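The structure under discussion appears below in the form of structure tokens.
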Amino acid sequence: MNKLISDRTELQHLSAFIYQKIIEMSTGNRKRETIVDKVFRRALREFHQNMVSSYVVIKGDQQVSLHYRDLLLSFEQILNSISKQEYTSANFPVSMGINAFRGFLDEFMRLYKTKEDRLKDAVDGQTLPKKKERRRKKEEVLEFVGHKFVTVVMNIPTACEHCGSFMWLMEKGQVCQVCKLTCHKRCYNKHSIPCRGLDKEELSKTIFGASLKTLVDEEGTIPPFLERLISVIEIKGLYTEGLYRKSGASVKIRLLKQALSADLGSTDYDECPIHVLTSTLKGFFRELPEPLMTFDLYSHFVQATDLSDPRERVQTIYDITKKLPKANFMLLERLIFHLARV
């Protein structure tokens, strides 16, 4: 199915579109309204509220990936839940409600172009000169004691760090992509100098078991892969029974963890069962070397929960959370918001 939403602006457009449909249904002829219409309108209103909650926590430039089928599945779960609450007959026409919602999505797709469509139109509207494609030989990477050497043409005289002799202008040499060690091709496997950047590079690829401060930027914002994982869980699993009580298949959880550690940006959550996603999220927090609420403040939180006055207890806990590191505080805030939704 086509990707329908790719950023916060498009999510707001869809939210406004759905809200307009709710207004149109509410201002129609209510006397002839059936129980089916009431259930559909209530499901649509709850779907809209969930969308508002979603884009409230999304930063301005944060990428979003919502597909047509994700929105249909989310609405179907809402409709099933509400129909069981308000409709006594087992023959409630769920498929009719889903088809009506599908019609709304189709109308939205016709009226609004996605970010990808706008970029495509911009490219198609330009007359780009045709360039002769040149086949490039695949760059060979030579690995030795942690180094990853690639061939580079020297543009200044450079000394080989193994034998000490110079590589002159336009001569080819080997440069490590990680620590920038430079040598002749004949020397790359003769030295015993380990790669100085190996530990740092391996650490950057480690997600599970890594310290939270190594996964955030200088502003301490929530790691993008974690925000995306939580958002997908909220879209797919708001109405799933035992969302965090049940566990996913251990093999699929391991494969998802490996995919995240290998390449955060291209990991696809769409084909993952919901309990695999929730188990992976639980695993991330479980494997943190220091708990989200930190060892230093743990005893303070425990003492605060023993206070008898409810107002004093809540205020004390809030004061303690403000002492958390910024990254921990922001992630804890997002996690509490997420748990309140599910």
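Would you check which residues across region 199-232 are open to solvent by less than 60 Å² (accessible area, probe 1.4 Å) and modelled with pLDDT under 75 and list them?
Glu201, Thr206, Gly220
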Residue check, Leu331 at pLDDT 90 or above and assigned to a helix (DSSP H, G or I): yes
Residue in region 273-287 that is assigned to a helix (DSSP H, G or I), in contact with a Ser or Thr (Cβ under 8 Å, 6 or more places away or on another chain) and of a type in the set (Val, Ile, Thr) present: yes
Tally of residues being assigned to a loop (DSSP other than H, G, I, E, B) and either touching a residue at least 40 places away in the same chain (Cβ under 8 Å) or at positive phi (or both) across region 224-264: 7
Residue check, Ile18 in a helix (DSSP H, G or I) and either under 19 Å from Leu105 (Cβ atoms) or modelled with pLDDT under 75 (or both): yes
Selection within region 146-166 - open to solvent by 70 Å² or more (accessible area, probe 1.4 Å) and in contact with a helix residue (DSSP H, G or I) (Cβ under 9 Å, 6 or more places away or on another chain): Glu161, His162
Filtered residue count, region 167-187, keeping only those that are open to solvent by 100 Å² or more (accessible area, probe 1.4 Å) and either among the basic types (Lys, Arg) or at negative phi (or both): 6
Residues located in region 295-313, provided they are closer than 23 Å to Leu212 by Cβ and either outside any helix (DSSP H, G or I) or open to solvent by 90 Å² or more (accessible area, probe 1.4 Å) (or both): Phe295, Asp296, Tyr298
Residue under evaluation Arg42, criteria (1) over 20 Å from Tyr239 (Cα atoms); (2) open to solvent by 70 Å² or more (accessible area, probe 1.4 Å); (3) modelled with pLDDT of 85 or more, criterion not met: (1)
Any hit, region 268-290, residues being under 12 Å from the mean Cα position of the chain (by Cα) and exposed (fewer than 13 other Cβ atoms within 10 Å of the Cβ): yes
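The values are calculated or read from the model by the stated rules, or taken from the named source; none is laboratory data. This is a predicted model, so every value here is computed, not measured. Cβ: placed from backbone, ideal geometry, glycine included. Neighbour counts: every protein chain shown. With ligands, DNA and RNA removed, areas are computed over all heavy atoms of the protein, side chains included. Shrake-Rupley method; radii C 1.70, N 1.55, O 1.52, S 1.80 Å.
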